[in-house]
1. Could you work out how far apart the two model spin labels at Phe23 and Ala39 are, taking each label as a point 7 Å from the Cα in the direction of the beta carbon, and quote it in nm?
2. Along the stretch 43-56, what does the Karplus equation 6.51 cos²θ - 1.76 cosθ + 1.60 (θ = phi - 60°) give for ³J(HN,Hα), rounded to whole Hz, x for Gly and Pro?
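Each reported figure results from applying straightforward, stated rules to the coordinates on display, with no laboratory input. This is a predicted model, so every value here is computed, not measured. Here Cβ is always computed from backbone atoms with ideal geometry, including for glycine, and neighbour counts include all displayed protein chains.
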Amino acid sequence: MSDPSTAPHRADHTTSTSERGSFCTARCSCGWYGPARRARSLARADADAHLHDTSATG
């Protein structure tokens, strides 16, 4: 089990999307990035899932 005092908190995560050609990728200020997607909505869903995962563990 990880130490809760060193776990990343949701407030430490800022997500955004970036486009490259036909693809959109979700990225986070913590260094995480999702797979390249053709649909922006899927990239945003990846970012939401990342935020949910980090809040569940932090």
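1. Once both label points are built, they end up 1.8 nm from each other.
2. Those phi angles translate into 5, 5, 5, 4, 5, 4, 5, 4, 4, 5, 4, 6, 6, 6 Hz.
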